[in-house]
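Colleague: The structure's right below; bear with me while I get my questions together.
The values are calculated or read from the model by the stated rules, or taken from the named source; none is laboratory data. Because the structure is a prediction, the values reported are computed rather than measured. Don't worry about glycine lacking a Cβ; one is built from the backbone with ideal geometry, like all the others, and counts go over all protein chains shown.
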Amino acid sequence: MRNSLFVLCLFTLVLGGCSGSTDSNSEDGGALEDSTTVAAENEATRPAMLSRKNRVPFEKKLDQAPLRFQLSSPNVPDENTLVITASGLETRNDTFQVSVAGLVFDAQLADLDKDGYPEVYAFARSTGSDSTAYVYAFSSYRNRSYGPVGVSELAAQKEMAEGFNGHDRFFFEDGVLMRSFPIYQAGKPTGQWRVITYSLRQGEASFILEPISSEVVDGD
């Protein structure tokens, strides 16, 4: 009788141990599955996190008494915008928000048409191997109000746009807005550059920024 009870107890202990092992494996398996899921989620959100981390918003204040302009851009990769606010104008100090191609990196004041009233010029650049430069301008209307300036497309001037393949830049030289780019032929740089001069003129509804001349120079 004692032997029978001993065998029965031993059998019960062995059976309970197997059951505990199975539950433990099940719990471990669940933990492993959860860990894998979290890792996958982290991997999926990593590019977005890197994009936000590498993004550099743009902000700049420009002063020319009695005027003050403040520019800002979130510099997001898609659907980027530029916001400009003003103070010191006699009649209207509006806020403008415009869509921007590329990322804004600089802004400055100038008086391109020499009328004694400043314009605001903001510069942006697209990303990629054939990055393109962009300019966004706002003109003061005799310091009473101000508004966006229209920018003529370079492509509309076929002769001036000949050889264009990006890698351009806008800059001011002696108060004149210039644009330069390396000249390409058959997809390869020729070693020469085209330098374009821009002017600001009064249009029907607003000022217009347009290319008026160009010259070809040898590269450095």
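Yes/no per residue for (1) farther than 22 Å from residue 121 by Cα; (2) touching an Asp or Glu at 6+ places or on another chain (Cβ under 7 Å); (3) of a type in the set (Lys, Arg); (4) modelled with pLDDT under 95:
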site: 153; (1), (2), (3), (4): no, no, no, yes
site: 156; (1), (2), (3), (4): no, no, no, yes
site: 169; (1), (2), (3), (4): no, no, yes, no
site: 172; (1), (2), (3), (4): no, no, no, no
site: 182; (1), (2), (3), (4): yes, no, no, no
site: 193; (1), (2), (3), (4): yes, no, no, no
site: 198; (1), (2), (3), (4): no, yes, no, no
site: 202; (1), (2), (3), (4): no, no, no, yes
site: 212; (1), (2), (3), (4): no, no, no, no
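Colleague: Please state which one of 120, 98 is in contact with a strand residue (DSSP E or B) (Cβ under 8 Å, 6 or more places away or on another chain) and surrounded by fewer than 15 Cβ atoms within 10 Å (Cβ to Cβ).
Modeller: After applying the criteria, what remains is 98.
Colleague: Also, I was wondering about something else. Going residue by residue through the stretch 72-82, is there one that turns out to be within 14 Å of residue 138 (Cβ to Cβ), in contact (Cβ under 8 Å) with a residue 24 or more places away in the chain and more than 14 Å from the chain's Cα centre (by Cα)?
Modeller: The answer is no, given that none of the residues of the stretch 72-82 is within 14 Å of residue 138 (Cβ to Cβ), in contact (Cβ under 8 Å) with a residue 24 or more places away in the chain and more than 14 Å from the chain's Cα centre (by Cα).
Colleague: Now for a separate question. Out of all the residues in the stretch 51-66, is one or more modelled with pLDDT of 95 or more, surrounded by 15 or more Cβ atoms within 10 Å (Cβ to Cβ) and outside any strand (DSSP E or B)?
Modeller: no
Colleague: Can you name the condition, by its number, that residue 71 falls short on among (1) of a type in the set (A, V, I, L, M); (2) at pLDDT 50 or above; (3) more than 22 Å from residue 150 (Cα to Cα)?
Modeller: For residue 71, the failing item is (3).
Colleague: For the stretch 107-146, what are the residues that are under 19 Å from residue 67 (Cβ atoms) and either of a type in the set (D, E, K, R) or outside the structural domain of residue 207 (by TED's automatic domain parsing) (or both)?
Modeller: Matches in the stretch 107-146: 111, 113, 114, 115, 119, 142, 144.
Colleague: Follow-up question, since we're still on this one. So which residues in the stretch 110-119 are within 20 Å of residue 180 (Cα to Cα) and either in a strand (DSSP E or B) or basic (Lys, Arg) (or both), if there are any at all?
Modeller: 110
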